[in-house]
Amino acid sequence: MSRAARRRRGAAAALAAGTALLPAACAGGGQAGVPLVNLYNAPQENLAAIVARCNTEARGRYRIVLNTLPRDADGQREQLVRRLAAADPGLDVLGLDVTWTAELAEARWIREWTGEHARQARAGTLAKPLDTATWRGRLYAAPYNTNVQLLWYRSDLVPRPPRTWGEMAAVAAGLAARGLPHYGEVTGAQYEGLVVWFNSVVASAGGRILDPGGTRVALGPPALEALTVMRDYARSKAADPSLPNTQEDSARLAMEGGRAAFEVNWPFVYASMAANKPDLLPHFKWAPYPGIHGPGASPLGGANFAVSAYSEHPEQAFQAALCLRDPVSQRTAAVKDGLPPTIEAVYRDPAMAEPYPMRQAILDALKTAAPRPKTPTYQNVSTTISAALSPPASIVPPVTLAKLREQIALALRSQGVLP
Amino acid sequence: MNGGKGRALTEGQRAERRLGLWLCAPAALIMVVVTGWPIVYSVLLSLQRYDLRFPEDKAWIGLSNYATVLTSEVWWNAFWVTLLITVVSVAIELVLGMLLAFAMYRAIVGRGLIRTVVLIPYGIVTVAAAYGWKYAWTPGTGWLAGLLPEGSAPLTERGPAIAIIILAEVWKTTPFMALLLMAGLAVVPEELLRAASVDGATLWQRFTRVTLPLMKPAILVALLFRTLDAFRIFDNVYVLTNGSQGTGSVSISAYHNLIGGLNLGIGSTMSVLILVTVAIIAVVFIIGFGTAAPGSER
């Protein structure tokens, strides 16, 4: 047999094997007809353990297959919406960032939670996270984990934690004068983190970005005050020169590397500090998120599980989602991966005490936390805001505010060009 | 091939030609389907209001997407940034590429080694190389950032960030330019250079009076290829800044509107405008400067 002929034979065999695989993959049936539930979620180290427990508990009713999305939120959203827009039946349970609910619900890409499923998803769940899974009064997801940013500081450098952005700048100036690490890290890069910061400072000033219906721009005098506070902070001694390029992870690294004296960040930094720099941990303390005249409104984050409209096994997908976010799963996520639970009772679990010493601070912050605006065009609104505010040191409060008003109004109608 | 003049084709030649056309047909058809249809489709999309999140609002709106894009500050900023990156990077690449081409062509010892070393940047995946540059310029992790004064973060400022994008682009594609130019060098007859040298021409005179005029077709083709490529720059910008601080190229803008914003109308409008610009560049090169397509008679 000639080489070419052999290669052709090989190719034909590969093609045949590929075709043979197709029907099985398309039918979504696993061994012995167990329906496969495809979970798409952001990377989370111990999620596989949570999935494994749920698969055992399912006793053959379904089998969850874990698929990991990209690390950054934009990459996650892009993959999900691209496939949902193409009516891809290969997605069943979707791990959603709290800001995507309105967009996916309005596009009818995710199913409403009703009846017994909705009752179970609501039972014992904290109010703020539950609200992020709701759009126009209907429930579209089951809250999995919540998140609030806190102020993290090194008590060896900063004996009394600052309560406002102004106090942070003053403390930094004092440290700088003594030649000590003095940066106060904040997510100032042109991305969602900058919107998170802006939203919290506006809320701390008593305002909001959009009206409660999510259809009109609010902003106004509180936004003007917020812009001034952010501009002044970005020009103060507390500002890392990398501030216009700082994301959550670079903030954490600056703190662990000893460049920074404090940071505002999510609680995952505590577990990270314990693992990477145990000698700094005894001095690594937390305090409420800074505000303008006193403690501020923390940014509210987190993730919820939704069921795709194109899922071929919706009933199993709802059950799988409920198991993935039940108290046992949430405790695993909290203890092993540092993700704050959405079920209040989990915070009282004795296993939480050691890895989660800041749990009361999280519960307190959740009471005043500032959710981001709810609108189906959140992506447009967010991109517009981060472009208008970047770099924060160049903000000219009245001019920037006028620009924000005009561009957010366009973004809400999905008109105009996205930067 | 000069079959074009033949009126005296024999029956056999005509049959052969028919067969030839039939054999080409499947390939030509596939080309039309995979390149022609997407272009037509994006033109059609650019005439509609079409946001994937609001399927009910889909409507034909004529040219208003074009009005929106062409009156947008964001688009024009991206356009001028792209043009700047294109002109500066292609100019630098031409000079460096010419030097490298000479080095590769004239080297007596270690020719294989020189050619291999020169081509390494071209062989590295752009995204991987771009991450290398990104980390190198990030304070705290980078060796290049460490050379700068304390407290500078070049990727966070517009001017330096664009300079770094150009640097990454030049580093990456100069070998390609050098390869194309080396092919042009090979067509300069050795006797001509020797004759010029006997007539007393200096090295510089031989370069400007003999080599350059003979290489002009190759240079123009190299410039055309690189300009078209550079105008569509995406991966370096995507990794290094993702368009923040006004450093986005037109392709980055189109991507953000299409994929991030799910706005098929505006995004397609941008894609069509990029296609039109690229076509204009090609026409200017071919008609204005007389660039000939490689392999043609001119």
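Would you be able to tell me the number of residues in the stretch A:98-113 that are surrounded by 24 or more Cβ atoms within 10 Å (Cβ to Cβ) and part of a loop (DSSP other than H, G, I, E, B)?
Residues that pass the stated criteria total 2.
In the stretch A:278-285, is there at least one residue being surrounded by fewer than 21 Cβ atoms within 10 Å (Cβ to Cβ), farther than 23 Å from A:R160 by Cβ, without any contact (Cβ under 8 Å) to a residue 60 or more places away in the chain and among the hydrophobic types (A, V, I, L, M, F, W, C)?
Taking every residue of the stretch A:278-285 in turn, none turns out to be surrounded by fewer than 21 Cβ atoms within 10 Å (Cβ to Cβ), farther than 23 Å from A:R160 by Cβ, without any contact (Cβ under 8 Å) to a residue 60 or more places away in the chain and among the hydrophobic types (A, V, I, L, M, F, W, C).
Name every residue in the stretch B:234-249 that is more than 9 Å from chain A (Cβ to nearest Cβ), in contact with a Lys or Arg (Cβ under 7 Å, 6 or more places away or on another chain) and outside any loop (DSSP other than H, G, I, E, B), in order of residue number. Even if it seems obvious, please write down each step before you answer.
Of the stretch B:234-249, the ones more than 9 Å from chain A (Cβ to nearest Cβ) are B:234-240, B:247, B:249.
Among the residues that remain, those that are also in contact with a Lys or Arg (Cβ under 7 Å, 6 or more places away or on another chain) are: B:239-240, B:247.
Selection gives B:V239, B:L240.
Return the total of residues in the stretch A:323-364 being touching a strand residue (DSSP E or B) at 6+ places or on another chain (Cβ under 7 Å) and either among the hydroxyl-bearing types (S, T, Y) or not assigned by the TED database to the domain that holds A:V65 (or both).
2
Looking at B:E93, B:E157 in this structure, which one is of a type in the set (D, E), at pLDDT below 95 and in the same structural domain as B:L273 (by TED's automatic domain parsing)? Talk me through it step by step, then tell me what you get.
Working: B:E93 fails: at pLDDT below 95.
Within the list B:E93, B:E157, the selection yields B:E157.
Quick check on this structure: which one of A:A133, A:A142, A:A127 is without any contact (Cβ under 8 Å) to a residue 40 or more places away in the chain, closer than 22 Å to A:T368 by Cα and either buried (at least 20 other Cβ atoms within 10 Å of the Cβ) or more than 14 Å from every other protein chain (Cβ to nearest Cβ) (or both)? Working first, answer last.
Numbers: A:A133 fails: without any contact (Cβ under 8 Å) to a residue 40 or more places away in the chain; A:A142 fails: without any contact (Cβ under 8 Å) to a residue 40 or more places away in the chain.
Checking each option against the conditions leaves just A:A127.
State whether the residues of the stretch A:296-311 include one that is surrounded by fewer than 19 Cβ atoms within 10 Å (Cβ to Cβ) and either modelled with pLDDT of 95 or more or not assigned by the TED database to the domain that holds A:T164 (or both). Reasoning before the result, please.
Within the stretch A:296-311, the first condition is being surrounded by fewer than 19 Cβ atoms within 10 Å (Cβ to Cβ), and the residues that meet it are A:309-310.
Within this subset, residues satisfying the condition of being either modelled with pLDDT of 95 or more or not assigned by the TED database to the domain that holds A:T164 (or both) are A:309-310.
Scanning the stretch A:296-311 turns up at least one residue that is surrounded by fewer than 19 Cβ atoms within 10 Å (Cβ to Cβ) and either modelled with pLDDT of 95 or more or not assigned by the TED database to the domain that holds A:T164 (or both).
Quick one: which of B:G140, B:G110 is at positive phi and either more than 10 Å from chain A (Cβ to nearest Cβ) or under 25 Å from the mean Cα position of the chain (by Cα) (or both)? Write out each step before concluding.
Values: B:G140 fails: either more than 10 Å from chain A (Cβ to nearest Cβ) or under 25 Å from the mean Cα position of the chain (by Cα) (or both).
Result: B:G110 is the single residue among B:G140, B:G110 that is at positive phi and either more than 10 Å from chain A (Cβ to nearest Cβ) or under 25 Å from the mean Cα position of the chain (by Cα) (or both).
Please pick out the residue among A:D249, A:D240 that is surrounded by fewer than 19 Cβ atoms within 10 Å (Cβ to Cβ), within 14 Å of chain B (Cβ to nearest Cβ), within 26 Å of A:D74 (Cβ to Cβ) and out of contact with any His (no Cβ under 8 Å at 6 or more places or on another chain). Please lay out each step first, then the result.
Values: A:D240 fails: surrounded by fewer than 19 Cβ atoms within 10 Å (Cβ to Cβ).
When all the criteria are applied, what remains is A:D249.
With a cut-off of at least 2 residues that are within 30 Å of A:A218 (Cα to Cα), within 14 Å of another protein chain (Cβ to nearest Cβ) and under 21 Å from the mean Cα position of the chain (by Cα), name the helices (runs of 4 or more DSSP H) lying wholly within the stretch A:301-419.
It comes to A:378-389.
Consider B:L220 carefully, then state whether it is farther than 30 Å from B:P55 by Cα and within 20 Å of the chain's Cα centre (by Cα).
Values: farther than 30 Å from B:P55 by Cα: yes; within 20 Å of the chain's Cα centre (by Cα): yes.
In short, yes.
For B:R194, state whether it is more than 14 Å from every other protein chain (Cβ to nearest Cβ), charged (D, E, K, R), in a helix (DSSP H, G or I) and surrounded by fewer than 18 Cβ atoms within 10 Å (Cβ to Cβ). Break it down into steps so the answer makes sense when it comes.
Details: more than 14 Å from every other protein chain (Cβ to nearest Cβ): yes; charged (D, E, K, R): yes; in a helix (DSSP H, G or I): yes; surrounded by fewer than 18 Cβ atoms within 10 Å (Cβ to Cβ): yes.
Criteria met by B:R194.
The values are calculated or read from the model by the stated rules, or taken from the named source; none is laboratory data. The structure displayed is predicted, hence computed values, not measured ones. Every residue, glycine as well, gets a Cβ built from its backbone with ideal geometry; the counts of neighbours run over all protein chains shown.
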